[in-house]
Amino acid sequence: MAGATNKRSRGGLWIILILLGVAAFAAYKVLGPNTGSRSKGDYLYVRTGSDYEKLKQNLTEGGFISDMWSFDLIAKQLGLPAHVRAGKYKITAGMSNYRIIRMLRAGRQEPVKLVIRKLRIKNDLVTYLAKNLEADSLKLRQMLQDPSYLSEFGLDTNTAMCAIMPDTYEFYWNTSADKAFRKIQKNYARFWDDTRKQAAAARGLTPPQAIIIASIVEEETNAPSDKPLIASVYLNRTRIGMRLQADPTVKFAVGDFTIRRIAGAMLDNPSPYNTYKYAGLPPGPICTPTAATINAVLQSPKTTYMYFCAKADFSGRHDFATTYDEQLKNARAYQQALNARGIH
């Protein structure tokens with residue numbers, strides 16, 4: 001009897017050990033590391049509309065999962081197949097099935113920080129957003145060319161880029177084209193508080209017109225102290241109906257921003273952005289100016305300056321003039337400096 005009892009005890013112990021082993025194995029599969037080579041980097045991109053099978057394919061092809069069998073088993077137990085969420089997910093070495101599945105099921109994706117600097121044309125914006133977000137480039141282009149859509153923001157197809165202010169923006173990767181534009185535009189709307197609107201109105205400008213002037217100033221100089229004075233020149237010219245004759249607008253009209261000297265046939269370019277040919281402001285901005293440059297326009301002093309010319313020392317600063325004779329003297333010195341350096 002004692003022997004039989006001992007056998008049963010040993011058999012029970014083996015069963016317990018086996019069960020503990022199974023439990024330990026199961027726990028390891030749930031909580032232990034299950035990441036692979038991550039051949040496509042740390043980030044898994046799940047496109048909008050992806051189903052569970054597509055998700056598994058992406059996980060496999062990107063080397064994110066080492067053992068798909070255990071992942072699939074646990075994912076189904078935790079309900080992931082019915083809760084696949086689009087987004088950009090960071091999967092780091094050593095993550096367990098449980099952590100990965102919980103992250104994907106909850107949609108805890110990594111935000112995307114985009115730093116928008118100077119952009120010149122709509123396609124620059126479209127390319128940048130489409131490269132970094134899921135947002136459809138075709139949809140973006142359509143929006144920026146849709147008068148009805150843009151009118152909601154007080155903009156049109158010419159002034160659409162006024163809403164794009166250089167800054168750091170945070171998005172989710174699967175942000176739509178519409179939501180991306182609206183988020184950027186909200187920054188523009190916040191910038192234009194009552195104080196700035198009043199400063200613009202005092203200079204006879206709407207917010208888009210102030211940005212158009214600021215975009216030209218932005219292209220004219222990097223010298224902060226010169227910006228308000230250059231703005232005053234353009235405001236003075238606009239006030240009397242004189243052509244702005246701004247070189248950066250010709251570069252924009254021609255589509256070549258590397259030109260150093262504006263002359264010849266360029267001055268006759270028929271584009272409405274050519275301020276040598278047409279009086280008044282161009283129909284839209286020629287770049288996305290910084291907040292500091294827009295503020296320089298809004299804070300521009302009252303001057304008698306009608307002209308300005310780059311200094312002959314190539315410091316990036318400018319000489320300002322009230323009369324045309326003064327301007328000719330300054331321009332002559334600058335042209336001679338260009339010739340001396342062989343700049344054409």
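The values are calculated or read from the model by the stated rules, or taken from the named source; none is laboratory data. Keep in mind that this is a model prediction, so the values were computed, not measured. Cβ: placed from backbone, ideal geometry, glycine included. Neighbour counts: every protein chain shown. Accessible surface areas use protein heavy atoms only, side chains included; no ligands, DNA or RNA. Shrake-Rupley method; radii C 1.70, N 1.55, O 1.52, S 1.80 Å.
Data for the structure
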quantity	calculated
Candidate aspartates and glutamates - alpha carbon under 14 Å from Lys118, same-chain residues fewer than 8 apart omitted	Asp167, Glu218, Glu219, Glu220
Rounded accessible area of Arg237 (nearest 10 Å², 1.4 Å probe)	20
Mean residue ellipticity (222 nm) of the chain, computed from DSSP H runs ≥ 4 via -39,500 (n - 2.57), nearest 500	-15500 deg cm²/dmol
Segment 101-249: radius of gyration and largest Cα-Cα distance (Dmax), Å	17.9, 67
Positive minus negative residues near Asp136 (Lys, Arg vs Asp, Glu; Cβ under 13 Å)	+3
Within the accessible area of segment 48-114 (1.4 Å probe), percent carbon and sulfur	47
Length-normalised contact order for segment 237-321 - Cα pairs under 8 Å, 6+ apart - percent	23
Extreme residue, positive dipole direction of segment 156-313, given options Tyr188, Ala291, Thr304 (C-beta unit charges)	Thr304
About the Cα centre, charge dipole magnitude for the chain (Lys/Arg +1, Asp/Glu -1 at Cβ), debye	1180
Sites Ile121 and Leu328, calculated FRET efficiency, Cβ-Cβ separation with R0 30 Å, nearest 0.05	0.30
Rounded accessible area of Leu140 (nearest 10 Å², 1.4 Å probe)	10
Cα-Cα pairs of segment 57-99 separated by more than 16 Å (percent)	38
Distance histogram in 10 Å bins (all Cα pairs of the chain, percent per bin)	5, 19, 21, 15, 12, 10, 7, 4, 2, 2, 1, 0, 0
Angle in degrees between helix 52-61 and the longest Cα principal axis of the chain, rounded to the nearest 10	80
Rough spin-label spacing in nm, given labels placed 7 Å along Cα→Cβ, for Met68 and Gln299	6.0
Relative packing of 54-60, 266-272, which averages over residues the other C-beta atoms within 10 Å, highest first	54-60, 266-272
Ranked order, Glu110, Glu53, Glu218 - accessible area, probe 1.4 Å, largest first	Glu53, Glu110, Glu218
Cα Rg, Dmax (largest Cα-Cα span) when computed across segment 256-314, Å	14.3, 36
Evaluated at q = 0.10 Å⁻¹: base-10 log I(q)/I(0), Debye formula over Cα of segment 54-171	-0.48
Accessible surface, per residue, of the chain when the full set of protein chains is kept, probe 1.4 Å, Å²	53
Out-of-range pairs (alpha-carbon distance over 25 Å; input Lys122/Lys251; Lys139/Lys183; Lys54/Lys88; Lys122/Lys302)	Lys122/Lys302
The chain, relative contact order [Cα under 8 Å, separation at least 6], %	13
Angle between the chain longest axis and helix 227-240 axis [Cα atoms, degrees, rounded to 10]	50
Potential lengthening between Ser148 and Asp136 on full extension [0.36 nm per residue; Cα-Cα distance subtracted]	2.4 nm
GNM result for the chain, Cα springs below 10 Å: residue of Pro228, Pro301, Pro248 fluctuating most strongly	Pro301
